[in-house]
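J.: Sending over a structure as structure tokens; questions will come in a sec.
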Amino acid sequence: MNLEELNKKYLPLSPLERIQELKKDFKTVLYTSSFGGTAAYLIHLFHLGNPEQVIHFLDTTYHFPETLSYKKELTELLNLNVVDLKGDEFRNKFTRTDETWKKDPDLCCSINKVEPLEKIKVDYEVWVSGLMHSQNEIRSKLSIFEARNGILKFYPIIDVTEEEAKEYILKNNLPLHPLKLQGYNSIGCTHCTTKGKAREGRWINKSKTECGLHL
């Protein structure tokens, strides 16, 4: 199926049905999660629809301790198969001593997020992530499937609101990210995340709105 046919087929389906259908249509699926604010929603859908799916966690070495605890809690609760993925140790150390996130946050994201993903991306047909229309203007224009940077991207919850995701998390007795209760919404690395609604707390006072992984 081409891109248009895929979007037409998957649009009427629920997020869970989309995940179940993806398992039938593709043999090699890359799923990355930051274990952020609404991560439990998509993770639980995979727990129901494709429990064998490996989840890759990009360990930038700059995550909040609360994020790492939350990742551990969800992994044990749902018996997840999580694989940690790190960038080059020497280059990561450079960003730490150089404090690259202050001078060039795009370079910091590239070293610690984009580059390690690029190394494994070639082994997969499709890449799953939990982007949503409601998160920002750029994401509001995305379809369920898109071709980007040499791989097919799949956004099974793109048309779900963050409020709907939160309701699902509470209804299914899933734990909330601890920082959500403190006023954080979009949760990334410690140096580049502050409290705020939607993604307004990311890269504060900078023109940057995306880490470069997806957009």
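J.: Can you compute the helix-only [θ] at 222 nm over the chain? Use -39500 (n - 2.57) per DSSP H run of at least 4 residues, normalise by all residues, nearest 500 deg cm²/dmol.
T.: When only DSSP H runs of four or more count, the value is -10500 deg cm²/dmol.
J.: Compute a Gaussian network model of the chain, connecting alpha carbons closer than 10 Å, and tell me which residue from S129, S14, S33 fluctuates the most.
T.: The residue with the greatest mean-square fluctuation here is S14.
J.: Can you bin every Cα-Cα distance in the chain into 5 Å intervals starting at zero and give me the percent of pairs per bin, rounded to whole numbers?
T.: 1, 6, 15, 20, 21, 18, 11, 5, 2, 0
J.: Would you kindly work out the equivalent ellipsoid of the range 58-140 from its C-alpha gyration tensor and give its semi-axes, the square roots of five times the eigenvalues, largest first in whole Å?
T.: 23, 19, 16
J.: So, one more: Report ³J(HN,Hα) in whole Hz for each residue of the range 22-35, in order, from the Karplus equation J = 6.51 cos²θ - 1.76 cosθ + 1.60 where θ = phi - 60°; Gly and Pro get x.
T.: Once θ is set to phi - 60°, the couplings for the range 22-35 become 4, 4, 7, 8, 9, 8, 10, 10, 9, 10, 10, 9, 8, 6 Hz.
J.: So how strong a dipole does the range 3-192 carry about its Cα centre when Lys and Arg Cβ are +1 and Asp and Glu Cβ are -1, to the nearest 20 debye?
T.: Its charge dipole is roughly 80 debye.
J.: Let me ask something else about it. Taking θ = phi - 60°, what integer Hz values does the Karplus form 6.51 cos²θ - 1.76 cosθ + 1.60 yield along the range 180-193, in sequence order, with x for Gly and Pro?
T.: Those phi angles translate into 4, 6, 9, x, 8, 10, 8, 10, x, 7, 4, 6, 10, 10 Hz.
J.: Okay, next question. With both bridge residues required to lie in the chain, what share of the DSSP beta bridges run antiparallel, to the nearest 5%?
T.: In the chain, approximately 30 percent of DSSP beta bridges are antiparallel ones.
J.: Here are some pairs, K121/K153; K71/K93; K9/K119; which of them have Cα atoms lying more than 20 Å apart in this structure?
T.: K71/K93; K9/K119
J.: Could you give me the ³J(HN,Hα) list for the range 110-124, computed from phi with Karplus coefficients 6.51, -1.76, 1.60 and θ = phi - 60°, whole Hz, x at Gly and Pro?
T.: Whole-Hz 3J(HN,Hα) from phi for the range 110-124: 4, 5, 9, 10, 5, 4, x, 6, 4, 5, 9, 4, 5, 8, 10.
J.: Just to be sure I understand: with springs between alpha-carbon atoms less than 10 Å apart, which residue in V122, V160, V82 has the highest mean-square fluctuation in the Gaussian network model of the chain?
T.: Maximum among the listed residues: V122.
J.: How far is helix 39-49 tilted, in degrees, relative to the longest principal axis of the Cα atoms in the chain, given as a value from 0 to 90 rounded to the nearest 10?
T.: Tilt of helix 39-49: around 30 degrees.
Taken together, the values in this text are just the output of simple stated rules run on the coordinates, not laboratory data. Bear in mind the structure is a predicted one, so any value in this text is a computation, not a measurement. With ideal geometry, Cβ positions are generated from the backbone for all residues, glycine too; neighbour counts draw on all protein chains shown.
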